[in-house]
Amino acid sequence: MTALPKEALRRGWCPSTLRPMETGDGWLVRLHPPGAQLTPPQLRRIAALAAEHGNGLVEISARANLQIRGVTPASHPMLVERLLAERLVDEHEGDGPQRLTLVSPLAGACRHSGASRSEEPGIHEHSRDRRSAGDSSAPTIGDEVQGLQALGVAAPRNDGQGLIDAAALSAAIEERVRSIAGLPAKHCVIVDDGGRQALDGFACDIRLVAVESGRVVVGLADTIWRGPVSELDAPAIVETVLRGFARARSAAPERIRRLRDLSAAALSGLGGLAETAAPAPRPAPRRAGLFALAGDRFAALVNLPFGRCDAATLDRLGAGVGTQQADIRFSPWRGLAFRNLSHVDAEAMLALANNLGLITRDDDPRLSVQACAGSPACSRAEAPAMADAAKLAEAASDLLAQGATLHVSGCIKSCAHPAAADLTLVGRDGRYDVVLGGTARDKPLATLDLSTLMARLQPGEEIHARLTNAARITGPRG
């Protein structure tokens, strides 16, 4: 392969393996593994390639995509050659989405996802905290579950079984719509199996939500709902909607960029299905920790702080999987799901990740913070968003624990989190525009430097008080 011409490196699109995006620290190469899954050896191989051909930093995006940073014009052809030869990516030509669908990282595997959020910490977090303190006699989850069973007490679990196989439906949709031209690169179809890992918090153009066994309702721009329909019919319905959207967009490409840009009448005309009510909201999902699957197997969900780690950390995670039968899926909470593990292996994976400084608990305050790479990694950023996010997460830990959300953006583009947050900080000439309860494009309350901002987050200050009120409305997770 030859290096891509500079004019091919446009900003504002979604990068891929074949078409990287130029950033402040080199090229960003986004990977789309076949079937959106990897084996442990494949994960280690990608870590090695990131260290060899990039700057050693890897990220997981909010669309659950893995990406390598710091690739150079000279190293990119060699990286692509290895990724394709070893079948680590599944790429197609064109400007449209490389992967259109988003599913839970437990899709197709989760019959019940561990204990309820109110019960599970009493087993998982207590035992891990004792072991991390050096207590080798501390029981594992398996020990404690067996102890409960010996006493005649059922092991804690929930009944949040998925109503459809979202992974299979996602694959069918991807296959069916790949040939549609004219779809924006950021277009998204969420396939929600109706189980415990609700995806209500993620924006999309089309949302499929299972409401009964084998049947889904179809949401268009989250405003118009149709169905319910059989999951077997859903791929054809999605194709019909997207082809209709592509035709409308071709007639007015500057005005129509996403499904939400269509009029209510135009939206209603897509799909040709009967109108129905929106599905009822579900409890917020657990995003990290131990999850029970079918057949006495388990998954360990591990998230990267602000979606980033180094290649060495990724390699250690791949090496730490206790069975080569495990499969790895990527999470929209910027993490990885190590699935098909035994109790012991899942516990060991969570302990390893915890020791590596990764997120293994759903109450970790860093999960309530969204941050982009910031400067100097991004040439457009006006502040070091990711570095500052770690400091801000610590300063605002009490607010985050109460349910407040924080978004730290290096510029107005808001790549990490286009939606509103309780506190949105937007880089401006080394300082931050402060937006309460809005997005990066809303009017700021003030523009502050980091030290002043951190002071204003302390109890007794106005920003702290207003965020406390917002968190009181939202409520803590768990």
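For CYS411, the amide hydrogen comes within under 5 Å of the amide hydrogens of GLU382, GLY427, counting only partners 5 or more places away or on other chains and with H modelled in the peptide plane. Expressed as a fraction of 2.2 N^0.38 Å, the value expected for a compact globular protein of N residues, the C-alpha radius of gyration of segment 366-474 is 0.94. Other residues lying with their Cβ under 9 Å from the Cβ of PHE298 contribute a combined charge of -1, Lys and Arg counting +1, Asp and Glu -1. Taking amide H as placed 1.01 Å from N in the peptide plane, the amide H of THR23 sits under 5 Å from that of LEU28, each at least 5 places away or on another chain.
From least to most packed, judged by other beta carbons within 10 angstrom and beginning with the fewest, ARG441, ARG99 follow the order ARG441, ARG99.
Considering all different alpha carbon pairs of segment 162-268, the Kirkwood hydrodynamic radius works out to 14.0 Å. Summarising the overall dimensions of segment 235-284 from its C-alpha atoms, the Rg and Dmax are 13.0, 40 angstrom. Restricting the calculation to alpha carbons of segment 385-434 gives Rg and Dmax of 10.5, 31 angstrom.
Pair-distance distribution P(r) for segment 302-425, from all Cα-Cα distances in 5 Å bins starting at 0: 2, 11, 19, 20, 17, 13, 10, 5, 2, 0 percent.
Scalar couplings 3J(HN,Hα) for segment 338-346, obtained by applying the Karplus form with A = 6.51, B = -1.76, C = 1.60 to θ = phi - 60°, are 8, 10, 6, 9, 7, 3, 4, 5, 5 Hz; x denotes Gly and Pro. With contacts taken as Cα pairs under 8 Å and at least 6 residues apart, segment 8-85 reaches a relative contact order of 27 percent.
Across segment 8-85, the volume of the C-alpha convex hull divided among the residues equals 93 Å³ per residue.
Whole-Hz Karplus values for segment 166-181 come out as 5, 5, 5, 5, 4, 4, 5, 5, 4, 5, 6, 9, 4, 7, 6, 8 Hz, taken residue by residue from phi with 6.51 cos²θ - 1.76 cosθ + 1.60 and θ = phi - 60°; glycine and proline positions read x.
Semi-axes of the equivalent ellipsoid for segment 334-398, computed as √(5λ) from the eigenvalues of its C-alpha gyration tensor and ordered from largest down, come to 29, 14, 9 Å.
The residues packed around VAL58, meaning those with a beta-carbon under 13 Å from its beta-carbon, carry a net charge of +2 if Lys and Arg are +1 and Asp and Glu are -1. Note that segment 184-190 has calculated 3J(HN,Hα) couplings of x, 4, 8, 4, 9, 10, 8 Hz, one per residue in order, obtained from phi through the Karplus relation 6.51 cos²θ - 1.76 cosθ + 1.60 (θ = phi - 60°); glycine and proline are x.
Any read-out appearing in this document is the output of simple, stated calculations on the displayed coordinates, not a laboratory observation. Here the structure is a predicted model, which means the values were calculated and not measured. Heads up, the Cβs are rebuilt from the backbone with ideal geometry, glycines too, and the neighbour counts pull from every protein chain shown.
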